[in-house]
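The values are calculated or read from the model by the stated rules, or taken from the named source; none is laboratory data. In this text the structure is predicted, and so the values were computed from the model without any measurement. Cβ coordinates were reconstructed from backbone atoms using ideal geometry, including for glycine residues, and neighbour counts include every protein chain displayed.
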Ligand code: PRP
């Protein structure tokens, strides 16, 4: 099997923190493809798309140079590689932050104390930009991995690395000192000019991605309520455009169907109960196309 020029090409991290969720998303938008860890690319069986499985630090440049039309990669990598790509959609997974950390026992207690220190990192560009902005002179020690070990080996006084749960820092006796920036997985598009058929493929793909992401962020809510409570319910859940209202067999009672954002879900349910809603049924949404 070889790559086809006319097919859309999307880069996905081959092995790492974003791999599973990236593949889950692509399967969730209905793409049918095979993936195994030894594979470098896969042809999608039901969309004109080839998937390229790459190291995440190569993805920003591949997308920038138009080798791939799209790429799913952490914002951290795009910033570090200073890649010129268009971030088309934040994907809501792979949340982490680039942060500076020091040993628990360190006398360094704020970023100002980093003056004259040695900081080990696999993110030299991002760290240098941070130090420049803060007008701090420090020695940036570039390493290719496991930055957390550097202070114990007396290679550095601090590290600058990704933090997600914070477990790695804790296990290695390090304390977070300063945030450099926040990151999450992003769908990036090349800025290289694309022929119309490819642009149409991208638009179709983006519609699907956005439908799945919207569905993930929302719940479908059904409830019974006295008709007299309808205006208050409408004010609590404006819904997509407006809630669906169905009269019930019992006089003066209605069923209301609507969509609620995951973020405000519990507050909304509490308010609905307060205005008289009962038998509140909540279910997940598979796709939401506005
Ligand atoms: C990052 C980072 C830390 C770890 C932090 O590595 O380098 O080692 O995650 O995560 P935590 O706060 O949840 O413990 P990653 O898993 O991205 O792999 P890498 O070592 O290949 O960069």
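Assorted remarks:
- Matching residues, region 253-290, being assigned to a loop (DSSP other than H, G, I, E, B) and either exposed (fewer than 12 other Cβ atoms within 10 Å of the Cβ) or at pLDDT 90 or above (or both): 275, 276, 277, 285, 286, 289, 290
Residue by residue, here is whether (1) at pLDDT below 90; (2) surrounded by fewer than 18 Cβ atoms within 10 Å (Cβ to Cβ); (3) in contact with a strand residue (DSSP E or B) (Cβ under 9 Å, 6 or more places away or on another chain); (4) outside any loop (DSSP other than H, G, I, E, B) holds:
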{"position": "215", "(1), (2), (3), (4)": "no, no, yes, yes"}
{"position": "221", "(1), (2), (3), (4)": "no, no, yes, yes"}
{"position": "229", "(1), (2), (3), (4)": "no, no, yes, yes"}
{"position": "234", "(1), (2), (3), (4)": "yes, yes, yes, yes"}
{"position": "240", "(1), (2), (3), (4)": "yes, yes, yes, no"}
{"position": "251", "(1), (2), (3), (4)": "no, yes, no, no"}
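Yes/no per residue for (1) under 21 Å from residue 95 (Cβ atoms); (2) at pLDDT below 95; (3) in contact with a helix residue (DSSP H, G or I) (Cβ under 8 Å, 6 or more places away or on another chain); (4) in a loop (DSSP other than H, G, I, E, B):
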position: 11; (1), (2), (3), (4): yes, no, yes, no
position: 21; (1), (2), (3), (4): yes, no, no, no
position: 24; (1), (2), (3), (4): yes, no, no, no
position: 32; (1), (2), (3), (4): no, no, no, yes
position: 38; (1), (2), (3), (4): no, yes, no, yes
position: 47; (1), (2), (3), (4): no, no, yes, yes
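- Within region 74-105, the set of residues being within 11 Å of the ligand (Cβ to nearest atom) and either at pLDDT below 95 or part of a strand (DSSP E or B) (or both) comprises 74, 96, 97, 98, 99, 101.
- Residue pairs meeting the criteria (Cβ under 6 Å; at least 6 apart or on separate chains; first under 15 Å from residue 125 (Cα atoms), in region 65-77; second in a helix (DSSP H, G or I)): 77/60
- Apart from one condition, residue 53 fits all of (1) out of contact with any helix residue (DSSP H, G or I) (no Cβ under 6 Å at 6 or more places or on another chain); (2) surrounded by fewer than 20 Cβ atoms within 10 Å (Cβ to Cβ); the exception is (2).
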